[in-house]
Each structure stands twice: as structure tokens, then as C-alpha cells.
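The values are calculated or read from the model by the stated rules, or taken from the named source; none is laboratory data. As the structure is a computational prediction, the values presented were derived from the model and not from experiment. So basically every Cβ, Gly included, is an ideal-geometry build from the backbone, and we count neighbours across all protein chains shown. These accessible areas exclude ligands, DNA and RNA; they are computed on the full protein's heavy atoms, side chains included. Shrake-Rupley method; radii C 1.70, N 1.55, O 1.52, S 1.80 Å.
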Amino acid sequence: LLGLSFLGMSVYEWTHLFHEGFTFDTNVFSTSFFSITGFHGAHVVVGLSIFIAMFVPALMGKVNKGFVKSGSLYWHFVDIIWFFVVSQVYYW
């Protein structure tokens with residue numbers, strides 16, 4: 001749910017910025033901002049897909065421990081990268 005919330009807030013933020021005239025080609029920062037946040041958002045979509053791929057078999061009582069561990073590691077990697085994105089894009 002938090003991943004979906006993040007994606008929803010990102011869509012809201014991008015829409016607001018586009019309406020304000022801050023687009024991909026506004027300046028170097030806008031290009032970097034949309035590239036970095038878009039790339040991170042794509043990784044969140046992959047992480048959510050991995051979670052769905054873990055959740056559906058788990059509902060049937062089939063759990064692949066290696067897949068769950070790998071999916072968890074991937075999600076934590078995406079979380080850690082978000083700290084760098086926030087610190088460099090939003091607070092720099």
C-alpha cells in the first residue's frame with residue numbers, strides 16, 4: 001500500500017509541476033528531477049510486481065523462501081536509494 005501511495009503522490013506531483021510549466025526541458029534540474037524520480041518510480045513498479053508475484057502463491061499456501069528473500073532485498077535496495085534521491089533532489 002505504501003508503494004502504491006508513493007506512486008500516486010508522484011503522479012500528483014508530476015501533474016502539478018507540468019501544469020506550473022516545469023517540464024522535462026525547462027532546465028538541467030528539471031531534466032535531472034524527472035529522470036531520477038521517474039527511474040525510481042519504475043523500480044517501485046518492479047518491486048510492487050515482485051510483491052504481487054509473492055503474494056498470489058502465498059494465498060495458495062506456496063511460499064518460495066528464496067524468492068521472498070530476494071524480493072525483500074530488492075525492496076530494501078529501492079528504499080535505501082530513495083534516501084539518496086530525497087537528500088540530493090529535494091533537499092539539495
> Within the accessible area of the chain, what % is carbon and sulfur when the probe is 1.4 Å and the other protein chains stay in place?
Replying inline: 74 percent
> For the stretch 1-91, what's the relative contact order in percent, using C-alpha pairs closer than 8 Å and at least 6 residues apart?
Replying inline: 28 percent
> For Y90 and F39, FRET efficiency with R0 = 22 Å and r from the beta-carbon atoms, rounded to 0.05?
Replying inline: 0.90
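Over the residues of the stretch 1-91, compute the C-alpha Rg and express it relative to 2.2 N^0.38 Å.
The value comes to 1.31.
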> Using a 1.4 Å probe, what is the accessible area per residue for the stretch 13-77, in Å²?
Replying inline: 69 Å²
